[in-house]
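Colleague: Have a look at this one before I ask anything.
Each value in this text was obtained by applying a stated rule to the coordinates, not by laboratory testing. Not measured: the values here are computed from a predicted model. Positions of Cβ are generated from backbone atoms using ideal geometry, with glycine treated the same way; all protein chains shown enter the neighbour counts.
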Amino acid sequence: MRLTPLITVVGFASQALAAKSIAAQAQAYLDKLVPVTQDVLFNMVTGEAAGADPGVVCAVIPDPEHPDFSLFWVRDAALVYDVWLNELVSLNDVSLRTLMDDVTLALVRTQQVTSLTRDVFNGGLEEPVFYLNLTYITDLAYRPGAPCADNPPFRANILIKYAEWLITQNNGSWVADNLWPAINLDLQWISNHWNESSWDLWWPPVWGGSYWTSSLQYRALRQGSRLGRAIGRHANVAGYDSRASMVLDYMQTFWNEEEGFMTETTVTDPTATYGRTGVGAAPITVSIYNFDIELGCDAATFQPCSDRALSSLKVVGDRFKANFPISKDIPDHKPGFYGFFIEDKFIGGQPQFFSTFNQAEQLYDALATWEKLGGLEITDVSLKFFRQFDPKVKTGKYAKSSGIYRRLTNAIREWADEVLVLLSKHTPDDFILTESIEKNVGGPYGPRGMIRSLAAAMSAADTHNGMIPPSWSGPRNAGNKYANTPDSQVPLGF
C-alpha cells in the first residue's frame, strides 16, 4: 500500500534486558509485545472499533488527519487474517470463529464492488483497496499500484484455509453451496490471467512479473484444487493442478543463480524509472507465508529451510545491512534490519518491522522442519548461510544426533532470538508498533498501528512458541482425502 510520512515517533522500549540471556530477552519482549498487539488488532483497527464494517481491518489505527492511511487494503488485512486462521486452526482458538465469519463476508463483498478497476467480470477482482465501509475509492492518490494481481489469490487463500477448517467442523455442505462459488471466482481469474504483467506490491510499484504474486497464485490453484475435490467440485478444478505446475515453473525463473537470491520482480534494471536490482524482502515473506512443513526443504516452493531460501536470506540480509546507516556497527555475525527493497525511497527508505520480523520467522520455521526431518542438509547453494555460524562447516547431511547439527541449530535459534532483541530496542514505549525504524539513529518511525507490522509480530511470536501452520500442499498420506502430490519434494535420509 502507499503511505506518506506521519509523525516520527520518539521514545522507545529500551528497558534493561542486558543481564538476561538472548532467549530470555526475546521472550521478555514478546511477553510485553503480544498482548498490546492483540489489543490493537481487536480493539483499535478492526470492525466497529475502527469505524469499519464487520471483518474489515484498517491499515493503521484510524487517523482523521491522514485519511489516505485509514483504508482497507486487502493485502495488508489478509496478512492479519492469515495469523488469525493459523491460531484458529493450529492453536484451536475457537474464539476467533465469529470474527472469521465476518472476515469471510467482507472478503466476498470486495469481489462484487464495481470500482475504477471495473466490475467482477472485467478486472474488478484485482481492486486492492476500499473505504472502511467497502465502497469504492475514486481518489487516485489513495489507490496507487491498482489493480493488483495478488488480490485474487490472497483473498482465495484466506477463504480456502477457512473453508477447509469449516469442513472439519461438519460444515462441508455450507462450504460447497455458499463459499465455494466465491472462491472459484478468484481461482478462475487466476487460472486465466496468471501469466500477465501486473503492479508489484511495494511503493512505488513497477509493472512486470512479481515473484510474490506468482507464489500466491500457485498456492491458491494447488490448494483450491484440493478443496474442490474434497467437496465434489471435480469439474470446476479439472485444470487447476496443471495450471499450478506452469506457475511453479515460472516461479523458478526469478532465481538469480549467479548471486544466490530470489529476485522480487522481472524489472531488474536499476537505471530505469523506478527500476530495481530485484533485491528485496518479498521472497522472504513468500517463504514464511507458504511454509508447509509437509514439503520439507523443497526449493521449488521456497520453503524456509530450502537451500535457495537460506541463501536468499543471507544475500538479501547482507545487502540491507550495507544499505542502512544504522547497521554500520552491526558485525557480520549478528542479524541486521530488512527493508522493502534496496532502492526503496518511500518515507526515506527505512528498515521495516514487517520484513525484519519475517527474518526471525523464517529461521524458526526452518528449525521446526529440520527437527521433523531428523537432520539438515548443507548444499553448495546454502553453504554461505551456514558458514555465518560455523566458518569451517562443509556441505553434506547432518543428523540431529550429530554435534554439528546441534551447534548449528543452537546458533541459528539464537540468531532468530537476536532479531527480536534487536527490534525490541526500537519498539515504542507503548509497544504499539509503527511501520518503520529510523535508518540513521534508530527508534520507531512512521504511522502507528501499521497492521503489516502487527501481523508480522504476531506470526513471529506464534512460530517462536512452536506453532506450525496447517498444510496447504496436502500430507503424503494416500488415505487422507486432502492428499496431494507436490510438484517436487525429495525426502532426505539422515
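Colleague: Among all the lysines, which ones have a C-alpha under 17 Å from Lys32's C-alpha, if same-chain residues fewer than 8 places away are not counted?
Modeller: Lys20, Lys425
Colleague: Sticking with this one: Let me check I've understood the local charge: for Thr110, count other residues with C-beta under 9 angstrom from its C-beta, Lys and Arg +1, Asp and Glu -1. What total comes out?
Modeller: +1
Colleague: Once Rh is set to the Kirkwood radius over Cα pairs, what Stokes-Einstein translational diffusion coefficient, in µm²/s, holds for the stretch 267-349 at a temperature of 4 °C and a viscosity of 1.567 mPa s?
Modeller: Working: Rh = 13.9 Å.
Taking Rh from Cα pairs, D becomes 93 µm²/s.
Colleague: Tabulate in residue order the Karplus-calculated ³J(HN,Hα) for the stretch 250-258, using 6.51 cos²θ - 1.76 cosθ + 1.60 with θ = phi - 60°, rounded to whole Hz; enter x for Gly and Pro.
Modeller: Result, ordered by residue: 5, 4, 5, 6, 7, 6, 8, 5, 5 Hz.
Colleague: When the C-alpha atoms of the chain are aligned to their principal axes, what extent does each axis show, in angstrom, from largest down?
Modeller: Ordered largest first, the chain gives principal extents of 57, 56, 48 Å.
Colleague: Now, a different point. Quick one: which residues, 5 or more positions from Phe261 or on another chain, have an amide H under 5 Å from its amide H? H modelled 1.01 Å from N in the peptide plane, none for Pro or chain starts.
Modeller: Under 5 Å from the amide H of Phe261: Asn256.
Colleague: Could I ask something else about it? Report the Cys residues of the chain lacking a disulfide-compatible partner, meaning no second Cys Cβ under 4.7 Å from their Cβ.
Modeller: Cys58, Cys148
Colleague: Would you mind counting up the charge near Phe130? Only other residues with Cβ under 11 Å from its Cβ, with Lys and Arg at +1 and Asp and Glu at -1.
Modeller: 0
Colleague: Which ³J(HN,Hα) values, rounded to whole Hz and listed in residue order, are derived for the stretch 79-96 from phi using the Karplus coefficients 6.51, -1.76 and 1.60 in 6.51 cos²θ - 1.76 cosθ + 1.60 with θ = phi - 60°, glycine and proline given as x?
Modeller: 4, 5, 4, 5, 4, 4, 5, 4, 6, 5, 7, 7, 9, 6, 8, 6, 5, 7
Colleague: Right, something else. What dipole magnitude, in Debye to the nearest 20, does the stretch 326-465 give about its Cα centre under +1 on Lys/Arg Cβ and -1 on Asp/Glu Cβ?
Modeller: My answer is approximately 540 debye.
Colleague: Between the stretch 215-264 and the stretch 373-420, what is the separation of their alpha carbon centroids in Å?
Modeller: 30
Colleague: Taking every Cα atom in the stretch 279-413, find the radius of gyration and the maximum pairwise distance Dmax, and write them in Å.
Modeller: Rg, Dmax (Cα atoms, Å): 14.7, 48.
Colleague: Moving on. When a/c reaches 1.5 or more, the comparison of a/b and b/c decides; with that in mind, is the stretch 67-256 rounded, prolate or oblate per its Cα gyration tensor?
Modeller: Since a/c reaches 1.5 but b/c is at least a/b, the shape of the stretch 67-256 is classed as oblate.
Colleague: So what are the ³J(HN,Hα) numbers for the stretch 289-300, from phi and the Karplus equation (6.51, -1.76, 1.60; θ = phi - 60°), rounded to whole Hz, Gly and Pro as x?
Modeller: In residue order, the calculated couplings are 5, 8, 4, 9, 4, 5, 8, x, 9, 5, 7, 4 Hz.
Colleague: What net charge do the residues around Tyr274 carry, taking every other residue with its C-beta under 12 Å from that of Tyr274, with Lys and Arg at +1 and Asp and Glu at -1?
Modeller: Here the count lands on -2.
Colleague: Mean 1/r over all different Cα pairs, inverted: what Kirkwood radius does the stretch 107-192 give, in Å?
Modeller: Values: mean 1/r = 0.0739 Å⁻¹.
Taking the inverse mean of 1/r over all distinct Cα pairs, the stretch 107-192 comes out at 13.5 Å.
Colleague: Once you charge only the Cβ atoms, +1 for Lys and Arg and -1 for Asp and Glu, what is the size of the charge dipole of the stretch 67-256 about its Cα centre, to the nearest 20 debye?
Modeller: 460
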